[in-house]
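Step one of this worksheet: look at the structure below.
The values are calculated or read from the model by the stated rules, or taken from the named source; none is laboratory data. The structure presented is a predicted model; accordingly, all values stated were derived computationally and were not measured. Virtual Cβ from ideal backbone geometry, glycine too; neighbours counted across all protein chains shown. Ligands, DNA and RNA are stripped out before the accessible areas are found, and what is left, the full protein with its side chains, is counted by its heavy atoms. Shrake-Rupley method; radii C 1.70, N 1.55, O 1.52, S 1.80 Å.
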Amino acid sequence: MYIIPAIDILDKKVVRLREGDYSQVTNYDVSLEEMIEKYQSNGTNFIHVIDLNGAKNDFSNQEYLFNVIRKTDMKVQYGGGIRSIDKVKELIEAGIHRVIVGTQAITNPSFLTDLSKAICGKDKCSDQVVIAIDVLDEVIKYSGWMESSPIKLMDYVDKCLSLGFFRFLCTDINKDGKLGGAGVDLYKKLLDHSPFIKLIASGGVSSLEDIEQLSQIKVESCVVGKAIYEGRISIEEIQNWNLKSLISI
């Protein structure tokens, strides 16, 4: 299992939210550029960047984010406010390693079908598209976690799989931003339902013990944010874990 450091951006600042609540925000005195440089200089080559403004249809961050991302040769998993197939294609062609789609895939019934037709079947297409599933008590949330979907969780997974999408970023909202441990039970349910999906876990990771638990249930990778900023997990520990993971493959 691979650890991907997370950088959430709100109003061009590095932040973390608690349970996805925009009124419960922690600001960190560091810039996106500084965080990228810090990870890169410590041997990390993969980061997870989320535009929290974009997630709620405010695109004031995008130009700033794209300008920063274009300057790095790190692999970037990017999400927040991706509302069109053209934007997905633009980001892939611009070199974004993985593009996360969430709200549009849930609110527009034809979006995933059209996206599959437009770009899947090409080399690495499905690998480059990540389906975000943000879950609160097994209810799928969207639009910055402010709206609820009537679609059942496992039905949604099955729909995505039928269209060729197999990599999922699942955030357990109950756990997010609390440093209280990862949503192992939720991820285990997903993997029991579809053992062959590539699952990226998000939310609540507070220690290497949490990461070990996720590794034991065969989660492909996990994103870690607040635990890094709060000093619970060091960048050196992430580097060492990832090196051991690569060696064991």
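Across the accessible surface of the chain, with the other protein chains kept in place and a 1.4 Å probe, carbon and sulfur atoms take up 47 percent.
Max-minus-min Cα coordinates of the stretch 186-249 on each principal axis give 35, 27, 15 Å, with the largest extent listed first.
Ordered by solvent-accessible area of protein heavy atoms (1.4 Å probe), largest first, the residues THR107, THR113 come out as THR107, THR113. Measuring between their Cα centroids, the stretch 203-249 and the stretch 1-61 lie 17 Å from each other. For the stretch 2-248, what proportion of DSSP beta bridges, expressed in % and rounded to the nearest 5, is antiparallel? Bridges in the stretch 2-248 that DSSP calls antiparallel: roughly 30 percent.
Per-residue 3J(HN,Hα) values for the stretch 231-242, derived from phi via the Karplus relation 6.51 cos²θ - 1.76 cosθ + 1.60 with θ = phi - 60°, read x, 7, 10, 8, 5, 5, 5, 5, 4, 5, 4, 5 Hz in sequence order (x marks Gly and Pro).
Strictly over 23 Å apart at the Cα level, which of LYS198/LYS244; LYS152/LYS189; LYS12/LYS117 would you flag in this model? Too far apart for the 23 Å limit: LYS12/LYS117. One chain, two ends: ASN27 and SER245. Fully extended at 0.36 nm per residue, the span grows by 75.3 nm beyond their Cα-Cα distance.
Sorting the segments 182-190, 141-149 by their residues' average number of neighbouring beta-carbon atoms within 10 angstrom, most packed first, yields 182-190, 141-149.
Dividing the helix sum by the residues of the chain, where each DSSP H run of 4 or more adds -39500 (n - 2.57), gives a mean residue ellipticity at 222 nm of -10500 deg cm²/dmol. In terms of Cα atoms, the Rg and Dmax of the stretch 2-248 work out to 16.6, 44 Å.
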